[in-house]
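One structure is given below, encoded as structure tokens.
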Amino acid sequence: MKVIAVLPAYNAEKTLEKTVRDIPEGTVSEIILVDDASKDKTADVARSLGGLTVIVRDKNGGYGANQKTCYGEALRRGADVVIMIHPDYQYDARLAPIMSRIIASGICDVVMGNRIRTRAEALAGGMPPYKYLFNRLLTVLENLLTGQNLGEWHSGLRAYSRRVLETIRWEENSDDFVFDQQFLLQASACGFKIGDVPVSTRYFPEASSINFRRSVVYGLSSLLVLSQYLLCRMGVLRLKRFSPKS
């Protein structure tokens, strides 16, 4: 199995090296970093580490657009498993081999990192209370309407099989943060097996985090996508996004 780690990066010069060093040696075939036109020296730091494939986008396209570049490049390079890791050190990259083995063994097609092992642990890790509340409410609703039982739907640590990336219409998704929610709902609609593993919560000044206003926009966008998914399931609405590629 060829395992490729993809790092969608934006202004991550202070945390990138720690993230890369945490990926256990020999557990991934390749690391691809896509710099979404950062304003700092993210690309220079990535090149200095050695061994990374560094792609710099001409202009900032957004979090979803960055992931589209990541997955397209990983598929072109023959990845069997793709692990998406935020390079801001908010997620524990040491879980990469565990997540890839779960997929390689056929237990799951999609594996998420779950930061909400307990409420106390999530808050002690620095997660703002309002983000914890939004996370819980949205996750409960998303589980209820999809039949899934994930610990959280809003993690930035994810692993996908090649078959998932070749089946789902992720290229048609938003270029913004709601890309992740569209992707999971597409995976659920296409019948893929989704699971999760516990991961520590890390919030600190250098870690990227959207503000309250953007969090509200993200939450409302997630509800809109969830409504579209539900209407498609009921046969009221028809959207190609939730059907597999032909």
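Being modelled with pLDDT of 95 or more, over 16 Å from the mean Cα position of the chain (by Cα), surrounded by fewer than 16 Cβ atoms within 10 Å (Cβ to Cβ) and in a loop (DSSP other than H, G, I, E, B), is that true of even one residue in region 30-37?
Scanning region 30-37, I find at least one residue that is modelled with pLDDT of 95 or more, over 16 Å from the mean Cα position of the chain (by Cα), surrounded by fewer than 16 Cβ atoms within 10 Å (Cβ to Cβ) and in a loop (DSSP other than H, G, I, E, B), so the answer is yes.
Against the condition basic (K, R) and within 30 Å of K193 (Cβ to Cβ), how does R77 come out, does it pass?
Answer is yes for this residue.
Among the residues of region 225-243, count how many are in contact (Cβ under 8 Å) with a residue 40 or more places away in the chain and either loosely packed, with under 14 Cβ neighbours inside 10 Å or in contact with a His (Cβ under 8 Å, 6 or more places away or on another chain) (or both).
Final tally of qualifying residues: 1.
Tell me yes or no: at least one residue of region 210-220 is more than 17 Å from V164 (Cβ to Cβ) and either acidic (D, E) or in a loop (DSSP other than H, G, I, E, B) (or both).
The answer is yes; a qualifying residue exists.
The values are calculated or read from the model by the stated rules, or taken from the named source; none is laboratory data. The structure presented is a predicted model; accordingly, all values stated were derived computationally and were not measured. Virtual Cβ from ideal backbone geometry, glycine too; neighbours counted across all protein chains shown.
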